[in-house]
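J.: The structure is given below, and queries will be raised subsequently.
Read-outs throughout are calculated quantities, based only on the coordinates presented, and are distinct from any laboratory measurement. If you're wondering where the values come from, they're calculated on a predicted model, not measured in any experiment. Cβ placement follows ideal geometry from the backbone for every residue including glycine, while neighbour counts extend to all protein chains displayed.
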Amino acid sequence: MYKVFIDGAEGTTGLQLGTRLSVHKGVEVMSIAPELRKDPAEREKLINESDVAFLCLPDSAAKEAVGLCHNPKTVIIDASTAHRTAEGWAYGFPELSERCRKAIASGKRIANPGCHATGFISIVYPLVALGIADKSYPFSCHSVTGYSGGGKKMIAQYESPDRPDELDSPRQYGLSLSHKHLPEMRAVTGIDRPPIFNPIVADFYSGMAVSVPIYPDLLRKKISLSALTDALGEFYRDSALINVSGAPESGFLPANLNKKTCKLDIFVMGGDETMTLCAVFDNLGKGASGAAVQNMNISLGFPETAYLEEGDRLL
């Protein structure tokens, strides 16, 4: 039985992670006394006693937590932004390549991907890796997310009985075009410049639809809609969590399609002159706690999707 510790267990991601791990029969979750949650000595003790320490913390606190770890056997999985492009850290998106998967399996420092970044990277990484798009392609990205992605404060705002009228409407944010996910979106895909990124938060709890529009005539290879669907389907052929298909027959694509799951569906839509690729998943599932459990499973040698479905049922 492996011991795991969640540093930051009272935040949105930490709570979801605790719920998922509560049904995992291969691990024991170590708890910290509420009054000691911010005590460095107690946190240091539990981090170093654990086989896996999850960091569900702000960036500065996550960096501090890493400094508290001196046990060479402890695996740290960081859900913050702090280490996603840091040297020596494995990027926790195993479906991207065998190299990525091996780094997760053998590494002691794993950076969990950001939610918006997960959607963008799931689409753009294979386009570049397969030689379909040049690294110089001018990508843009539109992402609609549920309000749980904003954490406890935003959840409280949206669920308040006297909330302002503006919360009834989708709201674009990141207006300076300097969103914290942009560095990993660029670094992991290897593109020459960050995408123009428009994140939007809307009045639903969880779910996410990340869209990347494409002009086929600007791609490196001339490719039809059906051929692109096939290429992405082949790229993710062995993935247990990612599926590729064409546009839904209903003519609508809800952002909460995969809520309370760890699945990610990529839809290839449009025609041969203009296309949109859209990744739909749960921002708290494959976009956060579900991905963290997936990475832990790989690191500890469990089947990759062990207990993910059981955890989904609790959420």
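J.: Take residue 154 and residue 169, extend 7 Å from each Cα along the Cα→Cβ direction, and tell me the distance between the two endpoints in nm.
T.: Taking the simple label geometry, residue 154 and residue 169 are separated by 1.8 nm.
J.: Using the per-residue mean of other Cβ atoms lying within 10 Å as a proxy for protection, in what order, highest first, do the peptides 233-239, 127-133 fall? Can you show the working numbers first?
T.: Details: 233-239: 14.1, 127-133: 18.0.
In decreasing order of mean packing, 233-239, 127-133 become 127-133, 233-239.
J.: What share of the DSSP beta bridges in the chain is antiparallel, in percent to the nearest 5?
T.: Working: 20 of 49 bridges.
Of the beta bridges lying entirely in the chain, close to 40 percent run antiparallel.
J.: Could you give the size of the charge dipole of the chain about its Cα centre, using +1 on the Cβ of each K and R and -1 on the Cβ of each D and E, expressed in debye and rounded to the nearest 20? Let's see the in-between values first.
T.: Working: 32 positive and 37 negative charges, 138 e Å.
Using only the charged Cβ atoms, the result is roughly 660 debye.
J.: Once label points are set 7 Å from the Cα along Cα→Cβ at both residue 203 and residue 247, what is their separation, rounded to one decimal in nm?
T.: 2.8 nm
J.: So, one more: Looking only at Cα atoms, what is the convex hull volume of the chain per residue, in Å³? Please list the in-between numbers first.
T.: Working: hull volume 42.9 nm³, N = 315.
Per residue, the Cα convex hull of the chain comes to 136 Å³.
J.: How large is the dipole of the stretch 141-246 about the Cα centre if only Lys and Arg carry +1 and Asp and Glu carry -1, each at its Cβ, rounded to the nearest 20 debye? Intermediate results must be reported in sequence, preceding the final value.
T.: Values: 11 positive and 12 negative charges, 90 e Å.
With only Lys, Arg, Asp and Glu charged at Cβ, the dipole is about 440 debye.
J.: Around residue 214, which amide H atoms from residues at least 5 apart in sequence, or from another chain, sit under 5 Å from its own amide H, with H modelled in the peptide plane?
T.: 275, 276, 277
J.: Using a simple charge model, +1 on the beta-carbon of Lys and Arg, -1 on the beta-carbon of Asp and Glu, nothing else, what dipole does the stretch 51-97 show about its Cα centre, in debye to the nearest 20? Could the numbers behind the result be given before it?
T.: On the way: 3 positive and 6 negative charges, 14 e Å.
The dipole magnitude comes to about 60 debye.
J.: Let me ask something additional. Would you mind ranking 30, 208 so that the residue whose beta carbon has the fewest other beta carbons within 10 Å leads the list?
T.: With the fewest neighbours first, 30, 208 line up as 30, 208.
J.: When the Karplus curve 6.51 cos²θ - 1.76 cosθ + 1.60 is applied with θ = phi - 60°, which whole-Hz ³J(HN,Hα) does each residue of the stretch 155-167 get, with x for Gly and Pro?
T.: In residue order, the calculated couplings are 4, 4, 5, 5, 9, 6, x, 10, 5, x, 4, 4, 6 Hz.
J.: For the residues 32, 200, what sequence is obtained by ranking on other C-beta atoms within 10 Å, fewest first? Provide the component values of the computation, followed by the final result.
T.: Details: 32 18, 200 15.
In increasing order of surrounding Cβ atoms, one gets 200, 32.
J.: Would you be so kind as to identify which of 136, 256, 89 lies farthest towards the positive end of the dipole of the chain, taking Lys and Arg as +1 and Asp and Glu as -1 on Cβ and the Cα centre as origin?
T.: Projecting each Cα onto the dipole axis, the largest value belongs to 89.
J.: Would you work out which of 146, 231, 161 lies farthest towards the positive end of the dipole of the stretch 137-254? Charges go on Cβ: Lys and Arg +1, Asp and Glu -1.
T.: Farthest along the dipole direction, towards plus: 231.
J.: Okay, moving on. Residue farthest toward the positive end of the dipole of the chain, with Cβ of Lys/Arg at +1 and Asp/Glu at -1: which of 112, 34, 172?
T.: In the chain, that residue is 112.
J.: Another question about this same structure. Relative contact order of the chain, please, whole-number percent, based on alpha carbon pairs below 8 angstrom and at least 6 residues apart. Don't jump to the answer; show the numbers that get you there.
T.: Values: 664 pairs, mean separation 62.4, N = 315.
Worked out over the chain, it gives 20 percent.
J.: Give the order of 262, 69 when sorted by the count of other beta carbons within 10 angstrom, beginning with the fewest.
T.: Lowest to highest Cβ neighbour count: 69, 262.
J.: Cross-chain or 8 or more residues apart, Cα under 22 Å: how many lysine pairs in the stretch 115-283 fit that? Count them up, please.
T.: Eligible lysine pairs with Cα atoms under 22 Å apart amount to 9.
J.: Rg to Rh ratio, the stretch 115-283, alpha-carbon atoms and Kirkwood radius?
T.: On the way: Rg = 16.3 Å, Rh = 16.6 Å.
A ratio of 0.98.
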